[in-house]
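Written out below as structure tokens is the structure these notes cover.
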Amino acid sequence: MIFKSILAGAVGLAAGLQFTAPAISQETVKVGLIATLTGPQAASGRQKVAGARLYMQLNGNMVAGKKIELIIKDDTGVADVTRRHAQELIVNDKVAAIAGFSLTPLALAVAPVITQAKMPAIIMTAGTSVITERSPFFVRVSFTLPQQSVPIAEWVAKNGAKTAVSLVSDYGPGIDAQNAFKMRFEEKGGKVLEQLKAPLANPEFSPFLQRAKDLKPDALFLFVPAPTAGALMKQVIDRGLTEANIKVIGTGDITDDDQLNGIGDSVLGLVTSHFYSAAHDSALNKKFVAEFKKANPGMRPNFIGVGGWDGMHAFYEALKKTNGDTDGTKLVDAMKGATWESPRGMMTIDPQTRDVIQDVYIRKVEKRDGELYNIEFDVVKQVKDPMHK
Ligand code: PHB
């Protein structure tokens, strides 16, 4: 009797196993996230991994009947390593898409690889305009520097600045930021006195800041990649530039939410333009910030964390649209024209350029509940990159 029921149980178990077998062999769709997790840009990788993971945690890992698996690689900020990871993810791991790219040269390094493999590559951070033109398989959910720099050029011209000096990191996004700023500031009747460029690696900003101070412009426009902002702003403060009669402005990279509290009260009142602030006033952003903090104690999301979130969203929605088909061309086509609410506000992937169209906010550093935030007080709606033809 007992034996019989054990047997019946075993048969039942076997039947149950058989029944669940398809679930066990369920198809997995892999996404390769190439992040910079060590070296001077490590803060960038930490943010985008946290943003991507949070998206999966809150939205589940099943899409169009397939299980999504994230494979994370550290490229250490070196382009050759990024390229090698991309090749291995494509050839060995058979990923359906790659994503990440903390710096412009790291994105550019994979362009030939993704074109040849017809592999979607979702840019979560890098911001030089030209990147998306280098392969039809790039889709950008971050931003471009000209998109951010034009609104602050307009704002500062409108607020009485007649002369300006710019200081940027000497590589793609810095050059883009500087040129776009100059173009719009001079269209509005201003004059850029000098365009200064500091090396990207091991930057010593002091001589450039001294030069800027000596030129006595009405405004000083700054851009460096976000993880370098703390070092730049410390030197800006030490050189007395926030106390000189010069209006210090920049793209939001220089007051990013990750570093802002560490920079300190000397930057209270500093005005920047950017697409994301942790203080952005929407229900979705409040939830995003709260969940991000809960999942990552001691961290606050910045625009790179949001890029990680939206990159996963772009992939999830594309895979839903293709009904689970992972063909690279079909996935990229599905992302073209996609529009959704991000913690940053509404965003769209331009169907022509595969670049992001989004609101750009003018913000001022203020203290709220004992923390420094970029408080949005003006907005330019749905800005396209001004450099794409
Ligand atoms: C870039 O290298 O394109 C880049 C990196 C960090 C930023 C902005 C642009 O904050």
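The values are calculated or read from the model by the stated rules, or taken from the named source; none is laboratory data. Bear in mind that the values here come from a model prediction, so they are computed numbers and not experimental data. Cβ: placed from backbone, ideal geometry, glycine included. Neighbour counts: every protein chain shown. The accessibility values were calculated without ligands, DNA or RNA, using every heavy atom of the protein model including side chains. Shrake-Rupley method; radii C 1.70, N 1.55, O 1.52, S 1.80 Å.
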Return the total of residues in the range 313-355 being over 23 Å from residue 117 (Cα atoms), crowded, with 21+ Cβ neighbours inside 10 Å and hydrophobic (A, V, I, L, M, F, W, C). 1
I'm told residue 176 meets every condition in (1) within 16 Å of the ligand (Cβ to nearest atom); (2) of a type in the set (D, E, K, R); (3) over 26 Å from residue 41 (Cα atoms) except one. Can you identify the failing condition by its number? (3)
Hey, does the range 374-383 have a residue that's assigned to a strand (DSSP E or B), farther than 26 Å from residue 95 by Cβ and in contact with a His (Cβ under 9 Å, 6 or more places away or on another chain)? yes
Of (1) farther than 26 Å from residue 311 by Cβ; (2) in a loop (DSSP other than H, G, I, E, B); (3) open to solvent by less than 20 Å² (accessible area, probe 1.4 Å); (4) small (Gly, Ala, Ser), residue 160 fails just (3)
For strands (runs of 3 or more DSSP E) lying entirely in the range 35-141, having 3 or more residues that are open to solvent by 10 Å² or more (accessible area, probe 1.4 Å) picks out 66-74
Could you look through the range 165-186, keep only residues that are among the hydrophobic types (A, V, I, L, M, F, W, C) and closer than 14 Å to residue 198 by Cα, and pick out the one that is most open to solvent (accessible area, probe 1.4 Å)? 175
Has the range 46-58 got at least one residue that is away from the ligand (no atom under 14 Å from the Cβ), in the same structural domain as residue 33 (by TED's automatic domain parsing) and farther than 21 Å from residue 299 by Cα? no
Tally time: how many residues in the range 225-259 are surrounded by fewer than 21 Cβ atoms within 10 Å (Cβ to Cβ), away from the ligand (no atom under 16 Å from the Cβ) and either of a type in the set (Phe, Trp, Tyr) or in a helix (DSSP H, G or I) (or both)? 4
Find all pairs meeting these conditions: Cβ atoms under 9 angstrom apart; at least six residues apart or on different chains; first residue within the range 73-90 and farther than 13 Å from residue 48 by Cβ; second residue of a type in the set (Lys, Arg) and crowded, with 16+ Cβ neighbours inside 10 Å. 81/73; 82/73; 85/73; 86/73; 88/73; 89/30; 89/73
Can you spot a residue in the range 369-378 that is assigned by TED's automatic domain parsing to the domain that holds residue 98 and surrounded by 21 or more Cβ atoms within 10 Å (Cβ to Cβ)? no
Filter the range 200-214 for residues that are open to solvent by 60 Å² or more (accessible area, probe 1.4 Å) and either charged (D, E, K, R) or modelled with pLDDT under 95 (or both) and give the result. 201, 202, 204, 211, 213, 214
Before we move on, is residue 120 touching a residue at least 40 places away in the same chain (Cβ under 8 Å) and of a type outside the set (D, E, K, R)? yes
Based on this model, can you work out whether residue 337 counts as of a type outside the set (D, E, K, R), within 15 Å of the chain's Cα centre (by Cα) and on the phi > 0 side of the Ramachandran plot? no
